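Undergrad: Structure provided below as structure tokens; questions to follow.
Since every read-out is calculated from the coordinates, none of them should be taken as a lab result. Here the structure is a predicted model, which means the values were calculated and not measured. Virtual Cβ from ideal backbone geometry, glycine too; neighbours counted across all protein chains shown.
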Amino acid sequence: MKKLLVIAAALFVGLQANAQLIFNGGYLHQTESTAITEKDASNQDVTINGTDLLDGFFAGAKYRISLDGITPGLSLAPGANVSFLFGRHKALDEKDIMDDKARMNQIALNIPLHVQYVYEFTSDFKLEAWAGPTFQLGLFDRVADSEDNPTILFDRYKTVNLTGTFGDVIGPILSANYRSQDALNRFNFFLGAGVGFEIAELIHINVGYDFGLLNLSTANNCKITRGLLRVGVGYNF
């Protein structure tokens with residue numbers, strides 16, 4: 001047992017000696033795709049598709065842990081960052097309670113766990129490539145319509161009874177499939193990859209894309225998925 005503890009401690013110290021803290025941040029572009037299936041007049045399934053485009057930024061840090069003992073240039077890069085996204089909702093059809101002027105605001109905590117490879121051209125210029133999963137926890141997701149319906153403001157992580165909340169004026173004009181706004185799932189799982197450069201052993205510039213693998217909708221007739229394009233800049237600490 002003591003021998004195992006000594007080995008584990010030596011491994012931890014070795015990893016710490018070859019670890020590097022990197023602060024990073026940058027631009028985000030999110031594509032949120034929605035597909036709602038409902039019955040038409042002939043009782044046939046009809047799918048309505050829509051896409052919301054949001055832009056924003058992220059800020060955080062990652063800890064690059066060298067795995068040179070396995071392969072030179074290989075490392076683990078766990079991290080954490082907070083993302084902030086803003087955009088306009090695109091109404092799916094005339095039954096959607098929100099029009100194209102509705103504003104969307106999202107904040108999320110992201111935990112990437114990437115494997116990274118660095119190829120050194122010179123000591124001052126290195127090529128980076130990474131891939132791996134990112135776990136996301138939604139912290140804030142709200143929609144507000146400040147144009148035609150200034151009173152409509154709701155948290156997408158909570159189920160909203162549209163008839164009860166917004167009165168009998170809105171409720172009766174909606175089909176049964178639109179009588180409630182079902183809560184979104186706060187948890188998401190992405191797989192992504194990206195490439196970049198390290199300059200002067202100090203500055204990192206990279207671009208990557210994360211594919212959301214989970215359906216965030218809790219409604220039986222709805223599917224919501226997300227994809228994230230990121231352009232980032234990092235600084236070695």
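Undergrad: Between residue 182 and residue 209, what is the FRET efficiency for a Förster distance of 25 Å, r being their Cβ-Cβ separation, to the nearest 0.05?
TA: 0.35
Undergrad: Sticking with this one: Based on the Cβ-Cβ distance of residue 158 and residue 88, what FRET efficiency does E = 1/(1 + (r/R0)^6) give at R0 = 22 Å, to the nearest 0.05?
TA: In this case the efficiency is close to 0.55.
Undergrad: Okay, moving on. FRET efficiency for residue 193 and residue 42, Cβ-Cβ distance as r, R0 = 45 Å, nearest 0.05?
TA: 0.55
Undergrad: How much length would be gained if the chain were fully extended between residue 65 and residue 29, taking 0.36 nm per residue of separation minus their Cα-Cα distance, in nm to one decimal?
TA: The residue 65-residue 29 span can extend by a further 10.2 nm.
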